[in-house]
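K.L.:
Could you have a look at this structure, given as structure tokens, before my questions?
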């Protein structure tokens, strides 16, 4: 307490999460603690669980403890209202979530987000560079911004390539294995009844959907990756390593995102950055290649977002 009074700060920081499952917020929190722990700052973690009343209770408790700043994170990247601090002026960083702009041109707090458009583009370009020509995107509900951005990256990647590519096809459904099974079954049964060529690649908007897709393909006797390649999204260990074959997936680098959020908060606290010089910043994703795309190695290899190969007019 004496040291904090002398330094005019408490050496503590609050982290408020709305992710009751912890799937996305836990890697972000681990990254935040990596940085803040090295800076000898204690972290108070609070779970608001998408409840505005509960969130306000946590904010009041953190302010009473005189924290030096707050990081807000969530289970989705869609815009949310800014944290209600009352009349208190305090550095706030949003990580894996963003703030609704109060009005056009008004200053926005710093918001760090994964590049979902780039992730969708990276996954699709990888499939095209493997020689796949009929790539279908099976994803979650269209109401989510991340879903729309990933689909946009997928569509843009197809447009970059010339040749005999099938038109883009995006199928929206629930974030579930059941939807993955249903979508894959529909695609291959429809192709069989119409005597048309079925997809030779499936880009899934989550690993959970991809797992359902792989189950359906196995039941239908479709070989992966010989007949169809599959890519997921999230690089969630329990899914990507547990499937057979192991699943190629986009990793959002959430721990690194958390580290950058922690460092950004420290810079704001120290006065090196202004709190109104923010706005959304998209951070690169990476592709972790496994057997579902044709890799013979059980060990995953990583492809950065800046994929080196250029589109080939003959591919």
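The values are calculated or read from the model by the stated rules, or taken from the named source; none is laboratory data. Not measured: the values here are computed from a predicted model. Quick reminder, even Gly has a Cβ in these numbers, built from the backbone with ideal geometry, and neighbours come from all protein chains shown.
K.L.:
How many of the residues in the range 188-210 are within 26 Å of the chain's Cα centre (by Cα) and closer than 16 Å to residue 135 by Cβ?
P.N.:
Number of matching residues: 9.
K.L.:
Check the range 176-183 and report whether any residue there is at pLDDT 95 or above, out of contact with any helix residue (DSSP H, G or I) (no Cβ under 7 Å at 6 or more places or on another chain) and within 16 Å of residue 234 (Cα to Cα).
P.N.:
no
K.L.:
Follow-up. If I filter the range 241-270 down to residues being crowded, with 24+ Cβ neighbours inside 10 Å and in a loop (DSSP other than H, G, I, E, B), which single residue comes out as nearest to the chain's Cα centre (by Cα)?
P.N.:
Taking the candidates together, the pick is 252.
K.L.:
Answer with yes or no whether residue 85 is touching a strand residue (DSSP E or B) at 6+ places or on another chain (Cβ under 8 Å) and modelled with pLDDT of 95 or more.
P.N.:
no
K.L.:
Here is a further query. Checking the condition surrounded by 14 or more Cβ atoms within 10 Å (Cβ to Cβ), modelled with pLDDT under 95, in contact with a strand residue (DSSP E or B) (Cβ under 8 Å, 6 or more places away or on another chain) and not in a helix (DSSP H, G or I), which residue from 43, 71, 67 passes?
P.N.:
43
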